[in-house]
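Beneath this line is the structure, given in structure tokens, with notes to follow.
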Amino acid sequence: MKKILKWLGILLAVVVVVGLVAAAGVYIVSGSRLNKTYDAVVQPITIPTDAASIAEGGRLITIRGCNGCHTPDLGGQVMIDDPALGTFSSANLTSGAGSATAQYTVEDWDRAIRHGVKPNGKGVMIMPSNEFSVLSDEQLGQMIAYLQTVPPVDREHPKPKVGPLGRVLFMAGQLPLQPAAGIDQTATHPASIPPTASVEYGAYLATTCKGCHYPNMAGGPSLEPGGTPAANLTPAGPLANWTLDDFKTVLRNGVTPEGMAISPEAMPWPAFQHMTDVEIEAVWLYLNSLPPATPAG
């Protein structure tokens with residue numbers, strides 16, 4: 001019996017040591033990745049000053065979902081506050097107290113939005129810049145013009161902190177803390193993209209949808225704990241039985257052809273009310289051009 005207890009004690013000690021070594025390894029490697037710097041190549045951007053362009057920038061901010069995470073007044077909010085996962089906030093994009101962007105140059109805005117990189121070269125945490133990396137110079141300029149005019153909001157947020165589970169999920173590729181790592185930092189961008197009812201323009205617009213509906217648009221489990229699973233937007237999903245008018249009704253009124261009311265928390269359809277008919281048709285054409293796919297998970 002004593003020998004058994006002795007070997008059990010040795011085994012337990014080995015397990016503890018291995019666990020500590022593994023934990024230290026995760027902490028060191030994740031810390032190295034989180035502190036990596038990126039050399040983003042930015043392009044000259046013209047910032048318009050006319051009222052129409054600034055208003056268009058506000059519309060783009062809305063349909064691209066920026067004020068969903070950063071709140072309607074763009075002062076930001078705490079997104080996750082969990083000892084295991086970590087503490088993450090969306091930045092205060094106004095010029096008020098606690099602003100993350102008050103000293104931003106045009107180049108800094110470009111780095112953050114299209115490249116996911118801070119002025120110091122480190123990656124912007126959590127923000128899905130990979131979804132905005134396709135933005136044209138014209139639309140980016142309009143968005144920056146609007147952001148520079150919003151009223152200041154005094155709202156300070158805690159510094160981001162990655163918890164132990166957050167680090168493990170980050171290392172496993174299940175928590176996208178560094179979108180900059182997946183962006184081509186040397187890519188050039190189009191000066192402008194004509195708004196047409198086409199598959200190509202729909203693909204350009206639908207990059208915003210991929211954060212919830214997954215890159216193949218087939219949907220799957222929500223990335224937020226307890227969140228509503230994202231719908232399958234490929235022809236293998238409900239859209240196969242919808243018409244373009246049905247799709248417009250969903251985005252404009254939040255009601256499916258089957259009569260189901262969609263919660264704005266589950267899908268931010270109120271933001272899509274601001275899309276034009278051409279934009280909605282373009283997204284419709286793009287989704288219907290996709291190969292049928294099975295939801296993740």
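The values are calculated or read from the model by the stated rules, or taken from the named source; none is laboratory data. Quick caveat, the model's predicted, so the values are computed rather than measured. Reconstructed Cβ throughout: ideal geometry from the backbone, glycine too, with neighbour counts over all protein chains shown. To get the accessible areas, we keep the full protein, side chains included, count just its heavy atoms, and leave off ligands, DNA and RNA. Shrake-Rupley method; radii C 1.70, N 1.55, O 1.52, S 1.80 Å.
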Amide H proximity to residue 117 below 5 Å, modelled H, separation 5+ or other chain, gives 112, 124
Taking only C-alpha positions in region 141-246, Rg and Dmax in angstrom work out to 18.3, 47
With a probe of 1.4 Å, find how much accessible area the chain has per residue, and write the answer as a whole number in Å².
53
Say we join alpha carbon atoms closer than 10 Å with springs in a Gaussian network model of the chain; which of 102, 40, 206 then has the biggest fluctuation?
102
Determine ³J(HN,Hα), in whole Hz, for all residues of region 80-87 in sequence, where each value follows from phi through the Karplus function 6.51 cos²θ - 1.76 cosθ + 1.60 and θ = phi - 60°; x replaces Gly and Pro.
9, 9, 9, x, 7, 7, x, 10
Would you pull out the residues with amide H under 5 Å of residue 135's amide H, same chain only if 5 or more places away, H placed 1.01 Å from N?
none
For region 211-297, run through the GluC sites (Glu not before Pro) and keep only the ones in DSSP coil with at most 15 other Cβ atoms within 10 Å of their Cβ.
258, 265
Could you go through region 154-165 in sequence order and give the Karplus-derived ³J(HN,Hα) for each residue, using 6.51 cos²θ - 1.76 cosθ + 1.60 with θ = phi - 60°, rounded to whole Hz, and x for Gly and Pro?
8, 7, 9, 10, x, 5, x, 9, 9, x, x, 5
Mind counting lysine pairs for me in the chain? Cα separation below 20 Å, and the two need to be 8 or more apart along the chain or on different chains.
9
Relative contact order of region 40-108, pairs being alpha-carbon contacts under 8 Å that are 6 or more residues apart, as %
22
Per residue of region 123-135, in order, report the coupling 6.51 cos²θ - 1.76 cosθ + 1.60 (Karplus, θ = phi - 60°) as ³J(HN,Hα) in whole Hz, putting x for Gly and Pro.
x, 6, 7, 6, 3, x, 4, 4, 7, 9, 5, 8, 4
Out of residues 5 or more away from residue 92 or on other chains, whose amide H comes under 5 Å of its own, with H placed 1.01 Å from N in the peptide plane?
100
Run the numbers on the chain and let me know its relative contact order in percent, using alpha-carbon pairs under 8 Å that are six or more apart.
19
Inter-part gap, Cα centre of region 239-285 to Cα centre of region 170-190, in whole angstrom, is 29
With viscosity set to 1.567 mPa s and temperature to 4 °C, compute the Stokes-Einstein D of the chain, Rh being the Kirkwood radius across alpha carbon pairs; µm²/s, no decimals.
61
Summing -39500 (n - 2.57) over every DSSP H run of at least 4 residues in the chain and dividing by its residue count gives a helix-only mean residue ellipticity at 222 nm, to the nearest 500 deg cm²/dmol, of -11500 deg cm²/dmol
Hey, any idea what % of region 94-207's accessible area is carbon plus sulfur with a 1.4 Å probe?
56
Taking only the Cα positions of region 33-147, the convex hull volume per residue in Å³ is 111
